[in-house]
Amino acid sequence: MAALAGIIAWVVTGLGRQSGVALVYLGVAAVGVGSAYHHWQREVYAPDDIGEFASPDARPAEVRGMLAEEPTVIYQPPYSPLQSISRSEPTVANLRVTSIKLLNDWQRASGLARLIVTGHLQGLHVGDEVEVVGRLVAPQGPSNPGESDYRSTLLDQHIRAQITVVKTTEGVTRLAQGWPKSVSGWLAVVRGWGQRKLQDNLHPEQAGVASALLLGEGSTMTNADWEKYIRTGVIHVLAISGQHLMVLAVFLWWTLRLLGVRRRRGAWVVASFLVAYALLTGGRPPAMRAAVMVSVFCGSLILRRPTMLANSLALAWLTVAILNPTDLFNPGCQLSFLSVAVLYWGAASWFRREQDPLDRLVEQSRSRWQRRLLWLARFVGVNYAISLTIWLAVAPLVASRYHLISPIGILICAPLVWLASIAMIGGFLLLLVAAILAPIAPLFAWVTGSCLALCDFVVSLCDGLPGSHWYLGDVPAWWLWGFYALLLLVLITKELQRHWRWAALGGLAWLTLGLLAGAARLPPDELRCTFLAVGHGGCSVLETPDGRTLLYDAGALGGPDVTRRQIAPFLWSRGIRRIDEVFLSHADLDHFNGLPELIERFAVGQVTCTPTFADKATAGVRLTLAALKRQGIPIRIIRAGDQLAAGDVDIQVLHPPPEGPDGNENARSLVLLVRHAGHSLLLTGDLEGSGLERVLALPPVHVDVLMAPHHGSRVANKAELASWARPKVVISCEGPPRGSARPAEPYTMTGAQFLATWPHGAITVRSHVSGLVIETFRSGQRLVVHRAQH
């Protein structure tokens, strides 16, 4: 309705010659149409969409369909001492479903599903028809506050279902070959051929980077490989972007001119090549933006008509929006368009100043070597000025998306851009001669490999420098909108550009306001304890009334990236920048392997552990202790009988004793009794065996909230514990169940409410003088434990 009203108003005001008002109404109409298109892309599905058959619980299913994209292997990082279990390397793709088997009968179905297969799929390409036997599930949203929303990401691709094939690739069978019948199939085959040629001619360490740079095939690199480019702020140098396509366009244009190709014919060749290359590399928004803008420029040469960069940028924006409106909210897309806008309306005007006649006379009086040296100095200065300008413009957006500020990027971006440009041209020629003149391919392989190796060396070196990058919390949306509104005014207003010092002062004032707003936290009057949903593992965050932040464990069976995925996002969403103390319950990896990454992102006051933690002779323990020593973080040992306090919060250590008990690490798990405002929580870690028997021999302690020991294991959660603690609520930090159904809990006889982080997400316990409130993040439940219930 808004779009229709805007169009009508635009026509009426346009006929009345009110051009300024008409543009406003046209803008309203465009926003309305775009919003409707975006809503359709994410929310409108056919009645037989595969998402209608999916539920939150994974169920066996057989489906048939066509591979809608080339299967991609997600490569895992090499073994780490902090990794509890080895990870498989799955293959992922989007499957366009045609039918599903229900009650031994095939029924029509439609829509896209995300296909995840354990292992490497061989011989399958986009367009092939396949049958899949796996488990169908509806993707879920985040389990913790601040965590990335996987479900929303799939909705951007018009996907509401996921099919998982575990342990083997034999659950996927090709029914018919279909890739030769589609353009995307041929592009995928060409991309695969190029990837194999790069692997054959380059060192393995450079082949993956070259695939990402030349073909947009980033799956050959692990998360660890990508992370160092992200931390140093130069990820755009590596990932396919508009910058790379512009380099290829300029190289191709001058090559054609040297070969004597006429301008108009050369324009046809460059435009056609860039569009085809953008599609070959996956048609990502930054690449499509560059392809459209170069095509507009080439069209102006062919038609002999003038063009405006602003208009071509707007056309590129509309093209990206039409192809997929959700791409406009993609960080890569936003950063690409923002960088070009800043270059065109901001930085470019600074470098187009005419030289004063007297300066030209002085220039002519200099010798040739002086002129060349000065030209080189100006060239370097201009490149660094551009890098600084763009860095200042995009830093708030990068910080809001990645919680990261990388000042080192200002220093290394310019040289890396040139190295990557040379590597890209060399790699392009490598692929070209590999197809027609293979014997000389090693020459271009040497150029490409040398440049990429130098890039990697510089990035690795700078990544470890102190102050090269800083992690920071959530950037308020109001501050981000305000910053870019101010930047837009500066870019389009000549008066502000002339008084750039005042504009810079305004930007500094806005930055100061944002920092003060981020640092300001209202003093709490309650104790909050949040049991994060980290799968099979543990991390409980206690926020005390006196403003301290305490963590009980920080690990998961999935690996050390639990910090990046769940723990750090939650802390940032709560405005937490410092952790006063981390308690480690025991020396099992799934309870501490996130600590090394945690101390990289947050200031940590001290780490507290059990007497036997450092005695466990594993590489993970040694690595963690070494990381704490490097950061200068003190380690405190506590034992049964110790009393701790954090303002109004009292913490009593119940277990382990100074020595023993015998058994594995679980038997010596740290048990803390936390009391506040007449309420009590018992944190148990993986307590079991002889350790559990020792605790049960202590005088009974009736608690309001009990952490189910050992992730709800039947071995540790006994009726004796339920009788000893008499909890009102039991919280189990656990991953997805391995069996079909959960056995009856031993706590039902006490009338306790049992909650698990797997179905409910993060569970927050709030202790206040008026009572105890328990809230679940994913399921949205709220329980109240009144004081009268004691």
Practice problem: Would you check if there is a residue in the stretch 268-290 being open to solvent by 60 Å² or more (accessible area, probe 1.4 Å), of a type in the set (D, E, K, R) and closer than 19 Å to Leu313 by Cβ? | Solution: yes
Quiz item: Does Gly482 satisfy the criteria of being within 13 Å of Pro396 (Cα to Cα), at pLDDT 75 or above and either open to solvent by less than 60 Å² (accessible area, probe 1.4 Å) or outside any helix (DSSP H, G or I) (or both)?
Solution: yes
Exercise. Using the structure shown, decide if Thr512 is in a strand (DSSP E or B) and either more than 30 Å from Leu489 (Cβ to Cβ) or open to solvent by 30 Å² or more (accessible area, probe 1.4 Å) (or both).
Key: no
Quiz item: Assuming Leu644 fulfils every condition listed in (1) of a type in the set (A, V, I, L, M); (2) closer than 30 Å to Asp525 by Cβ; (3) open to solvent by less than 20 Å² (accessible area, probe 1.4 Å); (4) without any contact (Cβ under 8 Å) to a residue 40 or more places away in the chain apart from one, which condition is it?
Solution: (3)
Quiz item: Given (1) out of contact with any Leu (no Cβ under 8 Å at 6 or more places or on another chain); (2) modelled with pLDDT under 90; (3) open to solvent by less than 20 Å² (accessible area, probe 1.4 Å), where does Ser211 come up short, assuming only one miss?
Solution: (1)
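For the stretch 542-589, what are the residues that are hydroxyl-bearing (Ser, Thr, Tyr) and either under 19 Å from Val649 (Cβ atoms) or part of a loop (DSSP other than H, G, I, E, B) (or both)? Give the derivation first.
Taking the stretch 542-589 as the starting set, the residues that turn out to be hydroxyl-bearing (Ser, Thr, Tyr) are 544, 549, 552, 563, 573, 585.
Hits for the stretch 542-589 are Thr544, Thr549, Tyr552, Ser585.
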Exercise. Could you tell me whether the stretch 701-717 includes any residue that is touching a residue at least 12 places away in the same chain (Cβ under 8 Å), more than 30 Å from Arg59 (Cα to Cα), surrounded by fewer than 23 Cβ atoms within 10 Å (Cβ to Cβ) and polar (S, T, N, Q)?
Key: no
Quiz item: In this structure, is Phe379 more than 33 Å from the chain's Cα centre (by Cα), modelled with pLDDT under 75, closer than 22 Å to Trp418 by Cα and open to solvent by less than 100 Å² (accessible area, probe 1.4 Å)?
Solution: no
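Considering the stretch 490-505 alone, what residues qualify as being part of a helix (DSSP H, G or I), under 14 Å from Tyr344 (Cα atoms) and without any contact (Cβ under 8 Å) to a residue 24 or more places away in the chain? Step through it out loud before you land on a result.
First pass over the stretch 490-505, keeping only residues part of a helix (DSSP H, G or I): 490-492, 494-498, 500-505.
Within this subset, residues satisfying the condition of being under 14 Å from Tyr344 (Cα atoms) are 490-492, 494, 497.
Lys494 - this is the single residue of the stretch 490-505 that is part of a helix (DSSP H, G or I), under 14 Å from Tyr344 (Cα atoms) and without any contact (Cβ under 8 Å) to a residue 24 or more places away in the chain.
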Exercise. Return a yes/no flag: does the stretch 408-418 have any residue that is in contact (Cβ under 8 Å) with a residue 60 or more places away in the chain, of a type outside the set (Asp, Glu), surrounded by 13 or more Cβ atoms within 10 Å (Cβ to Cβ) and over 30 Å from Ala477 (Cα atoms).
Key: yes
Self-check item: Index of the failed condition, Val653 passing every other in (1) in contact (Cβ under 8 Å) with a residue 40 or more places away in the chain; (2) farther than 23 Å from Ile763 by Cβ; (3) of a type in the set (Val, Ile, Thr)
Solution: (1)
Quiz item: Taking the stretch 123-158 only, how many residues are open to solvent by less than 30 Å² (accessible area, probe 1.4 Å) and farther than 30 Å from Phe531 by Cβ?
Solution: 7
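Conditions (1) assigned to a helix (DSSP H, G or I); (2) surrounded by fewer than 15 Cβ atoms within 10 Å (Cβ to Cβ); (3) at negative phi, marked per residue:
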site	(1), (2), (3)
Ala423	yes, no, yes
Gly426	yes, no, yes
Leu432	yes, yes, yes
Ala435	yes, yes, yes
Ala441	yes, no, yes
Thr448	yes, no, yes
Ala453	yes, no, yes
Leu465	no, yes, yes
Practice problem: Could you tell me whether Ala756 is touching a Cys at 6+ places or on another chain (Cβ under 9 Å) and at pLDDT 90 or above? | Solution: yes
Quiz prompt | Breaking point among (1) aliphatic (A, V, I, L, M); (2) within 19 Å of Lys228 (Cα to Cα); (3) buried (at least 18 other Cβ atoms within 10 Å of the Cβ), for Val475 | solution = (2)
Self-check item: Which numbered condition Ala113 fails, given (1) aliphatic (A, V, I, L, M); (2) at pLDDT below 90; (3) more than 30 Å from Leu595 (Cα to Cα)
Solution: (2)
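If you scan the stretch 647-666, which residues turn out to be among the charged types (D, E, K, R) and surrounded by 16 or more Cβ atoms within 10 Å (Cβ to Cβ)? Let's see the steps before the verdict.
So in the stretch 647-666, the residues among the charged types (D, E, K, R) come out as 648, 650, 659, 662, 665.
Correct list: Asp648, Glu665.
Out of the residues in the stretch 297-318 that are part of a helix (DSSP H, G or I) and open to solvent by 40 Å² or more (accessible area, probe 1.4 Å), which is farthest from Glu43 (Cα to Cα)? Reasoning before the result, please.
Narrowing the stretch 297-318 to residues part of a helix (DSSP H, G or I): 297-303, 309-318.
Adding the requirement that they be open to solvent by 40 Å² or more (accessible area, probe 1.4 Å) leaves 297, 303, 309, 311, 314-315, 317-318.
Values: Phe297: 37, Leu303: 42, Leu309: 35, Asn311: 31, Ala314: 27, Leu315: 26, Trp317: 22, Leu318: 21 Å.
Only one residue fits best here, namely Leu303.
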Quiz item: From Pro737, Pro746, which residue is surrounded by 14 or more Cβ atoms within 10 Å (Cβ to Cβ), over 22 Å from Pro569 (Cβ atoms) and at pLDDT below 95?
Solution: Pro746
Quiz prompt | Qualifying residues in the stretch 75-95 (those that are touching a Gly at 6+ places or on another chain (Cβ under 6 Å) and buried (at least 18 other Cβ atoms within 10 Å of the Cβ)) - the one modelled with the lowest pLDDT | solution = Gln83
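Open to solvent by less than 60 Å² (accessible area, probe 1.4 Å), touching a Gly at 6+ places or on another chain (Cβ under 8 Å), farther than 25 Å from Tyr402 by Cα and of a type in the set (Phe, Trp, Tyr): does that describe Trp253? Give the steps one after another, and end with the answer.
On the way: open to solvent by less than 60 Å² (accessible area, probe 1.4 Å): yes; touching a Gly at 6+ places or on another chain (Cβ under 8 Å): yes; farther than 25 Å from Tyr402 by Cα: yes; of a type in the set (Phe, Trp, Tyr): yes.
Against the criterion (open to solvent by less than 60 Å² (accessible area, probe 1.4 Å), touching a Gly at 6+ places or on another chain (Cβ under 8 Å), farther than 25 Å from Tyr402 by Cα and of a type in the set (Phe, Trp, Tyr)), Trp253 qualifies.
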Quiz prompt | Count - residues of the stretch 174-201 that are open to solvent by 50 Å² or more (accessible area, probe 1.4 Å) and over 14 Å from Met66 (Cα atoms) | solution = 9
Quiz item: What number goes with the only condition from (1) touching a helix residue (DSSP H, G or I) at 6+ places or on another chain (Cβ under 9 Å); (2) modelled with pLDDT of 95 or more; (3) of a type outside the set (Gly, Ala, Ser); (4) open to solvent by 30 Å² or more (accessible area, probe 1.4 Å) that Glu720 does not pass?
Solution: (2)
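The values are calculated or read from the model by the stated rules, or taken from the named source; none is laboratory data. Keep in mind the model is a prediction, meaning the values are calculated, not measured. Every residue, glycine among them, receives a Cβ derived from its backbone with ideal geometry; neighbour counts consider all protein chains shown. Side chains included, ligands, DNA and RNA excluded: accessible areas come from the protein's heavy atoms. Shrake-Rupley method; radii C 1.70, N 1.55, O 1.52, S 1.80 Å.
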